[in-house]
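S.K.: First, the structure itself, so that you have it in front of you.
Readers should treat all values here as calculations from the given coordinates under stated rules, not as data from a laboratory. Predicted model, so just to flag it, every value in this text is computed and none were measured. Here the Cβ is made from the backbone with ideal geometry for all residues, glycine too, and neighbour counts use every protein chain on show.
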Amino acid sequence: MSEAERQTVSAWDVLKPTWDKFERLPALLKGIAVMLRSRFNPHLSIAALIEQHAKKRSKHAALTFDDKTWSYEAFNAEANRYAHAFAAADIQRGDTVALLIDNRPETLILVAALAKLGAAAAMCNTKQRGDVLAHSVTTVAPKAIVVGDELAEAFDEIADDEGVARLARVWRMANPHDDLDLADTGRVDLVAAARGQSKDNPATTGQVESTDTCFYIFTSGTTGMPKASRMSHRRWLRGGAGLGLLGLRLGADDRFYCALPLYHNNALTVSWASVLCSGATFCLARKFSVSNFWDDVRAHDATVFSYIGELCRYLLSADAGAGDTQHRVRAVIGNGLRPDIWDEFKARFQIGRICEFYGASEGNLIFVNGFNMERTAGFCPLPFAVVAYDTDTEKPALNNSGNMQEVDKGEIGLLLNKVTDFAPFEGYTDKAAGEAKLYRGVFKKDDCYFDTGDLVRRQGMRHIAFADRLGDTFRWKGENVATTQVENAVNAFEGVEESVVFGVTVPGADGRAGMAAITPVGAPEDFDWAGLAKHLKNELPAYAVPVFARIKPEQEMTGTMKYRKVDLKKDGYDPSSGDTVYLLSGDSYQPIDTATRDKLDAGELSL
């Protein structure tokens, strides 16, 4: 059976895993109901949902953090106090307030408070510094900013930036959860400003429309300055209904553990929206910690947690122990769980349901593994297309009529999401950048599709499997090389902890040569290069075996656990960049020096 055949989906594949799971039917029905309400109720918002929970399940735990718990009633009351404080400072519907705060309860409370006014929270990436942070803050033109004490130094670095200095107000948000010896900043104390305010719901909640912006999320900036993607209340609610109710089958009895940063959609939309749509409990962690992860999960009595990127691989890399299975986690949700560790992760930690999904902060559709299939990015009922892509021209392939053409089941192509009234593209704050993500006249004169920038495999039954980012797929010796496939093969070698694969330009060569940046399990000098070469030649087509390799004791990641390949590609095969570079030669990889590099640059070595 071919790889393509193994990665296709039949009707029975879809029905069989869910045949005996009707005990969570109420979650499915509620998910459908929320989807419909979000479409036809013009005033359904985050704020309205929180107020409904505060009325109907007032004493139910809404949020836990460390050893503290907030009921829905208490959470709503706190959000109300801050909403009234914001309103007193002339924050109103349509305004934006930037939040530069780490993971803590106040972050969510402020998002809710702003939502009650119809204002948007700009969720600043707390890992950004200097010009990048200043760019993020100013690109959404906020009226004010709230700075947590834990990030006062980061803000001080950009306070004199022209765009930041124009802010009408800078609030200080004290941090009662850390022992910070911070001198008075001279900024307005937001905690004090909210202390005497009313705990009653503001009248403005009912005026908020579901199409209003509830917050902005910033891209990681792995290939340039970050862009701000807009999230409306309607799209946020649909995400919570589709992922939390239809996908995870969450109920009010669930306790959702989140160790991801709140400035990322996997935390603020996937995790928190799922909780609010189901009336469950949100268990917030300060940050992700491999050594403390399962202890914290047990401390919160969690039944579900969210993941992103390499979080699952980090957990697998830790020493196995009895605590791996001493938990109540029944399901997990996230994206980026690689096929090569899917089964191992599920078995070792005894996770019954892996709800992998596919989506982007700015995208208009979400795919979710709602049927508990293995190694799939999920299902989407709304219109999309997987079209043939020409890596030579770096554009979709066109037929004789000038239209794009869909690939067959089992084949890989570019994923395009159809833009409709039900699934609009909300875009970026930069309108030109947003328009650049759209294809018009794809199959018909007036149709419009969002370009995801991702290659996926059509699995059938409206399921897809992620293959690669367009920028990560390269052409070598006349063949297309998918970096994910190569990374899976490299990572399967017993001496490799993790790897990043990319293409590097070699003068005079056809395409880009593959390079693997490898983090070894043990000491670099003990790495078995001959064993790796043999393994890769057995696992991959000859053209896909990396030509170069380098040791990276630690891979550089963004704050959202994505690999940064920009600098790796720039360094290429230059051994003077700081890492030892290896070249595939015969049956092994051999280190190269600057003389060899010069010969490669001059086209004197055949690859």
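S.K.: Relative to the Cα centre, what is the charge dipole magnitude of segment 379-470, using +1 at the beta carbon of each Lys and Arg, -1 at the beta carbon of each Asp and Glu, and rounding to the nearest 20 debye?
M.R.: Once rounded to the nearest 20, the dipole reads 240 debye.
S.K.: Can you list the trypsin sites (Lys or Arg not before Pro) in segment 384-458 that are in a DSSP coil and have 11 or fewer other beta carbons within 10 angstrom? Working shown, then result.
M.R.: Values: sites: Lys409, Lys418, Lys431, Lys437, Arg440, Lys444, Lys445, Arg457, Arg458; in loops: Lys409, Lys437, Lys444, Lys445.
Sites meeting the loop and neighbour criteria: Lys444, Lys445.
S.K.: I would also like to ask the following. Given the pairs Lys395/Lys477; Lys127/Lys409; Lys227/Lys395; Lys143/Lys227; Lys30/Lys437, which are separated by over 29 angstrom at their Cα positions? Intermediate results must be reported in sequence, preceding the final value.
M.R.: Working: Lys395/Lys477 19 Å; Lys127/Lys409 41 Å; Lys227/Lys395 23 Å; Lys143/Lys227 18 Å; Lys30/Lys437 33 Å.
The answer is Lys127/Lys409; Lys30/Lys437.
S.K.: To make sure I understand, if each residue's beta carbon is the centre and we count other beta carbons within 10 Å, what order do Ser606, Ser229 fall in, fewest to most?
M.R.: Details: Ser606 6, Ser229 21.
Fewest to most other Cβ atoms nearby, the residues stand as Ser606, Ser229.
S.K.: Another question about this same structure. To the nearest 20 debye, what is the magnitude of the charge dipole of the chain about its Cα centre, counting +1 on the Cβ of each Lys and Arg and -1 on the Cβ of each Asp and Glu?
M.R.: Values: 69 positive and 82 negative charges, 561 e Å.
Result for the chain is approximately 2700 debye, rounded to the nearest 20.
S.K.: Can you tally the net charge around Ser271? Count Lys and Arg as +1, Asp and Glu as -1, for every other residue whose Cβ sits under 13 Å from the Cβ of Ser271.
M.R.: Numbers: positive: Arg255; negative: Asp254.
Result for the local shell: 0.
S.K.: Moving to a separate point now. Please tell me the relative contact order of the chain in percent, rounded to the nearest whole number, where contacts are Cα pairs under 8 Å and at least six residues apart.
M.R.: Numbers: 1252 pairs, mean separation 66.7, N = 607.
Once divided by the residue count of the chain, the mean separation gives 11 percent.
S.K.: Using Cβ contacts closer than 10 Å as the measure, can you line up Tyr428, Tyr582 from fewest to most? Don't skip to the end; give the middle numbers.
M.R.: Values: Tyr428 22, Tyr582 26.
Ascending Cβ contact count within 10 Å gives the list Tyr428, Tyr582.
S.K.: Which value in Å is the Kirkwood Rh of segment 473-601 over different Cα pairs?
M.R.: On the way: mean 1/r = 0.0681 Å⁻¹.
That comes to 14.7 Å for segment 473-601.
S.K.: Just want the ordering: Asp579, Asp593, Asp421, from fewest to most Cβ atoms lying within 10 Å of their own Cβ. Before the final figure, lay out each step's value.
M.R.: Values: Asp579 18, Asp593 11, Asp421 6.
Going from least to most buried by this count: Asp421, Asp593, Asp579.
S.K.: Would you mind listing how long segment 347-398 runs along its three principal axes, going by Cα atoms, in whole Å with the largest first?
M.R.: Taking the Cα atoms of segment 347-398, the three principal extents are 45, 24, 19 Å.
S.K.: A further question follows. Around Ala144, under 9 Å between beta carbons, what's the net of Lys plus Arg minus Asp minus Glu among the other residues?
M.R.: Details: positive: Lys143, Arg169; negative: Asp95.
Charge balance in the 9 Å sphere: +1.
S.K.: Just to be sure I understand: of the beta bridges DSSP finds with both ends in the chain, what percent are antiparallel, rounded to 5?
M.R.: Details: 59 of 99 bridges.
Antiparallel bridges: around 60 percent, rounded to the nearest 5.
S.K.: Could you list log10 I(q)/I(0) for segment 379-470 at q = 0.20, 0.23 Å⁻¹, which the Debye formula gives when each Cα is one point scatterer?
M.R.: -1.03, -1.31
S.K.: Continuing with this model, one more query. Report the rotationally averaged projected area of the chain based on its alpha-carbon convex hull, in square nanometres. Please report the intermediate quantities before stating the final value.
M.R.: Details: hull surface 115.6 nm².
Averaging across all directions leaves 28.9 nm² for the Cα convex hull.
S.K.: Quick one: what are the phi-derived ³J(HN,Hα) couplings along segment 365-377, Karplus 6.51/-1.76/1.60 with θ = phi - 60°, whole Hz, x for glycine and proline?
M.R.: Each residue's phi maps through the Karplus curve to give 10, 10, 9, 9, 7, x, 9, 6, 7, 9, 6, 9, 7 Hz.
S.K.: Give me, ordered by chain and number, the residues 5 or more places off Gly410 or on other chains with an amide H under 5 Å from its own placed amide H.
M.R.: Hits under the 5 Å cutoff: Arg458, Gln459, Gly460.
S.K.: Something else: Based on alpha-carbon centroids, what's the gap between segment 194-271 and segment 26-70 in Å, whole number please?
M.R.: The distance from the Cα centre of segment 194-271 to that of segment 26-70 comes to 12 Å.
S.K.: Further question on the same structure: For segment 22-287, with the dipole built from +1 on Lys and Arg beta-carbon atoms and -1 on Asp and Glu ones, taken about the Cα centre, which of Ala61, Asn80, Ser45 lies farthest toward the positive end?
M.R.: The one lying farthest along the dipole's positive direction is Ser45.
S.K.: Using +1 at the Cβ of each Lys and Arg and -1 at the Cβ of each Asp and Glu in the chain, identify which of Ala602, Trp529, Val290 lies farthest towards the dipole's positive end.
M.R.: With unit charges placed on the Cβ atoms, the residue in question is Val290.
S.K.: How big is the convex hull of the Cα atoms of segment 495-545, per residue, in Å³? Spell out each step's value before the answer.
M.R.: Working: hull volume 4.6 nm³, N = 51.
Dividing the Cα hull volume of segment 495-545 by its residues yields 91 Å³.
S.K.: Right, another one. How much net charge surrounds Gly118 when only other residues with a Cβ under 12 Å from its Cβ are counted (Lys, Arg +1; Asp, Glu -1)? Don't skip to the end; give the middle numbers.
M.R.: Working: positive: Arg93, Lys116; negative: Asp95, Glu209, Asp212.
Overall, the nearby charge balance is -1.
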